[in-house]
Structures are given as C-alpha cells and as structure tokens.
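The values are calculated or read from the model by the stated rules, or taken from the named source; none is laboratory data. As the structure is a prediction and not an experimental result, all values here were calculated from the model. With ideal geometry, Cβ positions are generated from the backbone for all residues, glycine too; neighbour counts draw on all protein chains shown. Just so you know, the surface numbers come from the protein's heavy atoms only, side chains and all, with ligands and any DNA or RNA stripped out. Shrake-Rupley method; radii C 1.70, N 1.55, O 1.52, S 1.80 Å.
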Amino acid sequence: MATSSSAGGSGAAGGAPGLKTYFKTPEGRHKLQYEKTHSPSVLHYNHGAGGKTVSEMTVAYLKEKPVAQGSTPSTPSSGSGMRSAAARLLGTGNGNRTLSFAGSNGVSRAVSGSSRVGGGIGMSTSVSGSQAVVNYDGKGTYIIFNTADTLFISDLNSHDKDPVKSIHFSNSNPLCHAFDSEAKDGHDLIVGVWSGDVYSMSLRQQLQDPGKKPVASQHFINKDKDGTANSRCTCVAWVPEREGIFVVSNADGNLYVYDKSKDGNADWTFPTVKDQNQLMISHAKSSKSNPTARWHICQGAINAISFSPDGAYMATVGRDGYLRVFDFAKEQLIFGGKSYYGALLCCSWSADGKYLLSGGEDDLVQVWSMDDRKMVAWGEGHTSWVSSVAFDSYWSPPNSDEAVESVMYRFGSVGQDTQLLLWDLAMDEIAVPLRHPSSGSPTFSSGSPSAHWDSACPPPTGVLQPSPRMRDVPKLSPLVAHRVHADPLSGLEFTSESIVTICREGLIKIWARPLHSENSQRPNSSELVAGNVISKDKMITSPNKAGASSSSFKQPSSVLFS
C-alpha cells in the first residue's frame, strides 16, 4: 500500500501546519531542498473576465550559448543598446565555456555596486540604482511559471527563492508555455495568453535583458481575416523533430498548427465548423498564412496536449472526457478512450512512447497502451481532481532475481487534494486481461463496454472507446501518497536530481532525490543537461527492465493491486 505522508519528518514545510519536509520511498528519503515563488511585494493584475489564473510550470534545459557568427535570430528592440548587445549573443555554432556562480546555473553577474536589491541571483544593483546585465553564457536549468499578468523565470539550481527574471504582459494573462531545447535559432520559448494569442521568444535573450517586457518576441495574433478573435489558449507545445512547428489549443475545441518562421500577422481563415462533435482538419489556402492548419477536435475545451518523444503521435484530452491519440503527420485519429467521469485534465507519454498517462475529474489516473490502443490500468489514490501526470524518465528499476525480465515504469501524479502520488508499473502484471477464461476467448459481446478491452486484438483505427468496467481493468495502488502543499497542485516535473511541484498560487517546491539529498555537495544540474537528454534517448530504445545490469535504487518488484 501507499506510504502515508505521516511517515515524514516532524518539521512543517513552508510554515504550513501538517506539511512535512520530506517523504520516504523504497529508494530512500526525498527532502524538501528549497522553495521558489514570486515576490509577495510585486502587484499583479488579472486581465480579462476569466478570473484568477492557475500557475503552470515548465522546466527548461538551456544549452551552451552559441558563438556569435554574424546574423541574429530575431530583431532586437531599437530603444536600448543593451538589448542589442544581448541579441548579438545569439548567433550560431557551439559555445566552449561554462561559467559558474555559487553553485547555480553557470551564471556570472557583473556587479556594479556593493548593494543588492530584489534577491534575484542574476540581478545586481549599483548604488545609483542602475541594473547590471547578467552574463547567461553558460548552459543551465530554469523553471518558467506564470502568475496573473507575469511570466517568471527561476534558476533551478539556485537556493534563492525569488525569480531571476519577470516578464509582464500588458494586455493579457499568460496561461501556458513550452520550451524547445533543440531549437536551431534563438526562439525556443512559446507563451500562450488569455486572448488566444501566442508569443515566441528566446529564453536566453529574456534573461540577458534587464527590462520587464518581452524582448524581440514574435507575436502570433489569433484572429481570422474578419477580425474575429478566438477563445483563450489552454495549452502550447512544440512538435518534436519538426523544427519551428508548434501547436496551440483553445477553449473552443480547436487546435492550431503554427510555423515560427512565418509572419504572425498574416491573414488566415478556415471553414466554419458545423458539427462541434466531429473531427475536422482544415489547411490554410495561402502558403503565407499562419497558422497553417486548424484541427477541430472536440466540443468544449482541449485541456492538454502531449507529443510522443519522436513527434509521431499527438495526444489530447478534453472537456468531453476523451483521450485522443493522433498520427500527427497523417492527420489521422488512431484511437481514443473515455474517462469514468467528467473531463480529463492532463496527459503525458512514457519516454519510450509505448504508454500514456491521463488524469482528470474522476480523481483517477489511467494508463493507456499504444500497442493495444486501450486503457490497460487505472490507479486510485487521489481524493480530488488530478491536475498533472508524468513518467519519471530518470528513475532506474531495481535488479531482479527473476529469470524473466519485466519492463517497469515509475510515474507520478498531483491533484487538487494537495497530494503527490508516486506509482510503480510492472507491465507483466497487466499484460493479460484478468477476466479471460483459460481458453483466452473474449467473454463479452461487441455491445459491451468491456468488449474492446477484453479483445485480444486492438480496436479498429479511429474508434473512440467507452470506458471499460472498472472490475475488468487492473487497479493500481500508489507507492507513496504525500501532502506536499497547502494549496491545490497544478504541475509536476521530474529532473535527474529532484521532483518539482507547483501549486495554483505559484509556490514551487524542489524535492531532492535520495542520492542527492544525502550528499552535502550536490552536483550542478546544468552539468547534467546533456546527460539528461542522453538518458531519455536511451529509454526510447531500451525501456527500464527489472534484471538490468545496474540500478541506483531499490524498490518493490511488482505493482500493488487491491
């Protein structure tokens, strides 16, 4: 059964009663290393009639600064020579030097005075009050999160609680964001806002600039040629292996495909959607149009988008309660499945692209198989809506004494119940339907909700399946259940050294893994950026198996069922 949060230490985290500063897993103790948030002295304004926005989080691995070789990726602002200098730092090629400062992200700062104001590790202030430009030449790991009308950037490896950068949006609240570590030019960060518009920009260029407005950003206006504005953004995502292509989902069930190399103000129009419940994919008539295509996917909001690691498949979850998986290049629905109750709010792929997680308003976590095109397990443990799910691609399974190897996964989920749940998934435990008779023949008619699940063959391509009966699908129990925040949680990320959680109010907590929390001198995450990418690539071709030659951790040998 799950490890209770009461097993943690006696100290309260962040001053909130009942919150523990660590939790235990079979691998050891995960300690609360530090917290990050926006400054309480900063006043924020919520634009629009949508009320308070929810803080979302993106972990960005910034690679070595390219050596300047002539052209810049975007046109800098003309009002500041300092900004122009920052833009010139973004050329092509490879950097050859990593700077470091007090164990942070390889950041060096030019100190122009003895006093320091604002607490940001990347900012210093002279006696006269003029800010010095930070030298973000090195690679590093950053946390990007939004609150009200501001986008914040924090140094993951710095113990400083305050962000190193804040970007204010004067006309609309930022709602969602995504970072592309493989971008071939400077624009690697996209931000979707309440109005439905999208901004692309360079993360390094924002860090270099001392101002509070987006620098040299590209503005993609989400209005058709008749001037009709579209609904708010709900999610943005870069398409892996497709340079410069990203997608934006909206609250009206539409998803738009953009090319960052094209003008964001070009006229465009798409046919009227007559049936809100039907999939409809339309392409722009002009090659200059941006967006280049519109996918009408469902009635109601698309709540989340996730691409398989190779970019071949796109998963969406929506207000209608369906998970849908598409072949992105072929623009074809592969399969879909429904929640047990209410909307689905989040989804995420395993690093090998074989499995999908989803969670939502039924308080459950579902595991979906790409090979079988169906739900293969569900997990119960949350007491409120599940807001974020993710596989832990840095976790390694234990050595096994069993002769037969078993593929194993570790994943996590957070919800509005303020809890972080960790789960173990051993695929040999759920490979065979539990209710098949010894002959292996399906036991249900084609009209049964469980007919697709019990069938040995995957359902036909393009079929949206009803939810199977819960008793017919293996049930998972969490390995760990720990209350990590006082407020409802909205995001979860795994890094090589930590588990990162964020609540709706914008408080971020970094939980050090046992291997790192027990070391007094912890390595810099920026030194491991390249290694993290390699680790994920290895998982795509070689999933975790019990019986592997080595492992950093120990853990139970099977999934818990109840």
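Some values worked out for this structure:
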item	result
Extension gain (nm, one decimal) between ASN171 and ILE221, 0.36 nm per residue minus Cα-Cα	16.7 nm
Ranked by how many other beta carbons lie within 10 Å on average, peptides 203-212, 19-28, 270-279 from highest	203-212, 19-28, 270-279
VAL273-ASP327 FRET efficiency (beta carbon distance; Förster radius 22 Å; 0.05 resolution)	0.55
Cleavage-rule hits, GluC sites (Glu not before Pro), the range 321-414, DSSP coil, Cβ neighbours within 10 Å at most 14	GLU331, GLU402, GLU405
Rounded to the nearest 10 Å², the accessible area of PHE220 at probe 1.4 Å	0
Per residue accessible area in Å² of the range 249-344, where ligands, DNA and RNA are left out and the probe is 1.4 Å	40
Highest average packing first - 347-358, 362-373, Cβ atoms within 10 Å	347-358, 362-373
Loop-resident sites, the range 171-216, for chymotrypsin sites (Phe, Trp or Tyr not before Pro), counting at most 15 other Cβ within 10 Å (DSSP)	none
Added length on full extension, which subtracts the Cα-Cα distance from 0.36 nm per residue, ARG242 to LEU515	94.7 nm
The range 285-401, accessible surface, carbon-and-sulfur percent (1.4 angstrom probe)	41
Sites matching trypsin sites (Lys or Arg not before Pro) across the range 319-353 that sit in DSSP coil, with at most 11 neighbouring C-beta atoms within 10 Å	LYS330
Order by protection proxy (mean Cβ within 10 Å, highest first), peptides 305-314, 231-240	231-240, 305-314
Over the range 211-344, relative contact order from alpha-carbon pairs under 8 Å, at least 6 apart, %	19
Of ALA304, THR269, LEU279, farthest towards positive along the dipole that unit charges on Lys, Arg, Asp, Glu beta carbons give the range 262-318	THR269
Given LYS285/LYS330; LYS139/LYS161; LYS161/LYS262; LYS223/LYS354; LYS139/LYS260, the pairs whose alpha carbons are separated by over 29 Å	LYS161/LYS262; LYS223/LYS354
